[in-house]
Amino acid sequence: MPRMSRFVFLSGLLLLIGAGVGNGGEVALQVGKKLQVYASFFPLYDLTRKIGGDRVEVYNLTPAGTEPHEWEPTPRDLINLHKADLFVYNGEGLEHWVTRILPTLENGALKAFAMTQGIELRRTDSSQYPSGENREGGGVDHPFDPHVWLSPLLARMIIANIATALRKVDAAGTDYYNGNLLRYDAELRSLDKEYRARLDGFAGKDLVVAHAAFAYLCADYGLRQVAIAGLSPEDEPDPRTLAGIIDYARERGVKVIFFESAANPRLAETLAREIGATVGVLNPLETLSSDAVAAGEDYFSVMRENLAAIQAALE
Ligand SMILES: [Zn+2]
């Protein structure tokens with residue numbers, strides 16, 4: 001309920017801003033030379049920087065260390081967003097606030113694009129849970145699984161969408177964006193090859209993860225995702241589901257229970273203790289700490305750390 005009333009307030013605020021901005025003269029003055037682009041969360045921020053290069057200034061709306069499923073923008077964020085040239089977001093319920101603010105954004109000059117556009121999405125189903133139960137919060141908020149960026153092959157479609165969006169707002173940069181697209185498309189293909197080579201021979205193995213972010217990745221490399229929480233980290237399992245996961249993991253000889261660096265490892269540790277496994281870190285890339293960002297970590301470095309962690313867990 002507080003969330004709803006806050007949105008009524010925010011929407012009203014945006015209408016006022018929209019009325020104030022006028023026909024774009026002011027906007028052009030403020031943005032200077034580079035295209036002002038907002039991304040809803042880390043992977044889109046990072047990949048947009050790579051495709052946009054020198055022609056863009058990209059801002060990540062979700063603060064470092066904050067997980068995007070439950071985050072929502074402040075009034076200040078929405079004011080900034082309204083002044084921007086382009087807004088890229090994931091869609092499919094990852095950013096629960098987006099559908100409510102899009103109608104107000106469309107009144108202004110800002111163009112907004114969903115990066116899951118054109119990607120064949122996995123329907124949320126119960127198959128990822130060993131107990132065979134679908135979990136509350138899976139079906140309702142997320143009829144489809146939004147975690148496409150964790151598949152290097154689907155990330156190729158994301159960067160193609162990013163390039164399309166950039167060309168639409170900055171046609172003069174078409175050749176430049178296409179050049180970057182080719183370069184990073186090749187990098188994603190080689191990342192996919194590395195995954196294939198190093199996970200070869202592990203088909204059918206289980207990946208016990210903190211929340212259900214890895215279904216696309218698992219599908220690409222023949223693995224099976226067992227998620228402790230649902231599609232959002234906040235969808236904590238009930239005791240019966242947890243017991244089912246423990247039985248299943250013990251039966252299947254799971255050796256590592258993964259948790260996320262940005263989340264509390266408590267559940268993973270409990271599970272690992274129960275079955276005599278160890279804990280490991282898999283990063284769903286939904287957020288990076290400010291330290292990781294400062295150290296220059298990006299989509300590719302984290303995906304390679306994940307690959308090493310998965311390989312070590314399955315060997
Ligand atoms: Zn997630």
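The values are calculated or read from the model by the stated rules, or taken from the named source; none is laboratory data. Everything numeric in this text was worked out from a predicted model, so none of it was measured. Counting neighbours? That spans all protein chains shown, and the Cβs are built from the backbone with ideal geometry, glycine included. Just the protein is used for accessible areas: all its heavy atoms, side chains included, with ligands, DNA and RNA removed. Shrake-Rupley method; radii C 1.70, N 1.55, O 1.52, S 1.80 Å.
Considering Tyr195, Tyr216, which residue is within 16 Å of the ligand (Cβ to nearest atom) and under 23 Å from Arg156 (Cβ atoms)?
Checking each option against the conditions leaves just Tyr216.
Tally up the residues in segment 243-273 that are away from the ligand (no atom under 16 Å from the Cβ), open to solvent by less than 30 Å² (accessible area, probe 1.4 Å) and assigned to a helix (DSSP H, G or I), please.
Final tally of qualifying residues: 6.
Any residue at all in segment 103-111 that is within 16 Å of the ligand (Cβ to nearest atom), in contact with a strand residue (DSSP E or B) (Cβ under 7 Å, 6 or more places away or on another chain), open to solvent by less than 10 Å² (accessible area, probe 1.4 Å) and in the same structural domain as Asn180 (by TED's automatic domain parsing)?
no
Looking for whichever is surrounded by 18 or more Cβ atoms within 10 Å (Cβ to Cβ), in a loop (DSSP other than H, G, I, E, B) and away from the ligand (no atom under 14 Å from the Cβ) here; the options are Pro233, Pro237, Pro146. Which one fits?
Pro237
Among the residues of segment 61-102, write down those that are open to solvent by 10 Å² or more (accessible area, probe 1.4 Å), away from the ligand (no atom under 16 Å from the Cβ) and in contact with a Lys or Arg (Cβ under 8 Å, 6 or more places away or on another chain).
Within segment 61-102, just Asp85 meets the criteria.
Within segment 178-215, which residues are in contact with a Lys or Arg (Cβ under 6 Å, 6 or more places away or on another chain) and part of a helix (DSSP H, G or I)?
Listed by number, the residues that qualify are Tyr184, Asp185, Leu188, Ala215.
Across segment 103-121, what is the number of residues that are over 13 Å from Ala39 (Cα atoms), of a type outside the set (Ser, Thr, Tyr) and more than 19 Å from the chain's Cα centre (by Cα)?
Count: 6.
Does segment 239-290 hold any residues that are under 19 Å from Gly204 (Cβ atoms) and charged (D, E, K, R), and which are they?
Within segment 239-290, Asp247, Arg250, Glu251, Arg252, Lys255 meet the criteria.
Cβ-Cβ below 6 Å, separation at least six or inter-chain, first residue in segment 204-220 and open to solvent by 10 Å² or more (accessible area, probe 1.4 Å), second aromatic (Phe, Trp, Tyr): which pairs?
Final answer for the pair search is Ala210/Phe259.
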